[in-house]
Amino acid sequence: MKPLLWIVLLAAIVANVSLNFLVEQGGLNIALSVVSGVVVLASAAGLWMLRSPRES
(Lines give C-alpha, C1' and ligand atoms only; values in the text may rest on other atoms or scores of the structure.)
Protein backbone atom coordinates (compact mmCIF):
# COMPACT_ATOMS: atom_id res chain seq x y z
CA MET A 1 0.00 0.00 0.00
CA LYS A 2 2.80 2.42 0.86
CA PRO A 3 4.60 2.08 -2.48
CA LEU A 4 1.33 2.82 -4.31
CA LEU A 5 0.75 5.92 -2.20
CA TRP A 6 4.30 7.11 -2.90
CA ILE A 7 3.75 6.63 -6.64
CA VAL A 8 0.44 8.53 -6.50
CA LEU A 9 2.04 11.31 -4.48
CA LEU A 10 4.94 11.76 -6.87
CA ALA A 11 2.69 11.51 -9.95
CA ALA A 12 0.35 14.17 -8.58
CA ILE A 13 3.25 16.52 -7.79
CA VAL A 14 4.71 16.05 -11.28
CA ALA A 15 1.27 16.54 -12.82
CA ASN A 16 0.69 19.72 -10.85
CA VAL A 17 4.02 21.21 -11.93
CA SER A 18 3.63 20.19 -15.56
CA LEU A 19 0.05 21.45 -15.75
CA ASN A 20 1.26 24.94 -14.94
CA PHE A 21 3.39 24.87 -18.10
CA LEU A 22 1.08 22.95 -20.44
CA VAL A 23 -2.38 24.39 -19.76
CA GLU A 24 -3.22 28.02 -20.40
CA GLN A 25 -4.32 30.18 -17.50
CA GLY A 26 -8.02 29.93 -16.79
CA GLY A 27 -10.66 27.78 -15.21
CA LEU A 28 -9.27 24.49 -16.50
CA ASN A 29 -5.85 25.19 -15.01
CA ILE A 30 -7.37 26.03 -11.64
CA ALA A 31 -9.60 22.94 -11.65
CA LEU A 32 -6.76 20.58 -12.55
CA SER A 33 -4.47 22.15 -9.96
CA VAL A 34 -7.12 21.76 -7.28
CA VAL A 35 -7.67 18.10 -8.20
CA SER A 36 -3.97 17.30 -8.17
CA GLY A 37 -3.56 19.21 -4.89
CA VAL A 38 -6.33 17.17 -3.29
CA VAL A 39 -4.65 13.97 -4.50
CA VAL A 40 -1.33 15.12 -3.02
CA LEU A 41 -2.94 15.90 0.32
CA ALA A 42 -4.89 12.62 0.39
CA SER A 43 -1.87 10.47 -0.43
CA ALA A 44 0.29 12.36 2.09
CA ALA A 45 -2.39 11.82 4.74
CA GLY A 46 -2.54 8.13 3.85
CA LEU A 47 1.22 7.80 4.18
CA TRP A 48 1.10 9.59 7.51
CA MET A 49 -1.64 7.27 8.77
CA LEU A 50 0.33 4.17 7.69
CA ARG A 51 3.61 5.20 9.29
CA SER A 52 5.08 2.77 11.76
CA PRO A 53 4.78 3.70 15.44
CA ARG A 54 7.95 4.86 17.13
CA GLU A 55 9.26 2.95 20.09
CA SER A 56 9.51 5.02 23.28
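The values are calculated or read from the model by the stated rules, or taken from the named source; none is laboratory data. The structure presented is a predicted model; accordingly, all values stated were derived computationally and were not measured. Note that each Cβ is placed from the backbone with ideal geometry, even for glycine, and that neighbours are counted across all protein chains shown.
Structure values in brief
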quantity	calculated
So Val40, is it surrounded by 12 or more Cβ atoms within 10 Å (Cβ to Cβ) and within 8 Å of the chain's Cα centre (by Cα)	yes
Per-region count, the stretch 2-21, residues over 14 Å from the mean Cα position of the chain (by Cα) and either surrounded by 14 or more Cβ atoms within 10 Å (Cβ to Cβ) or at pLDDT below 85 (or both)	1
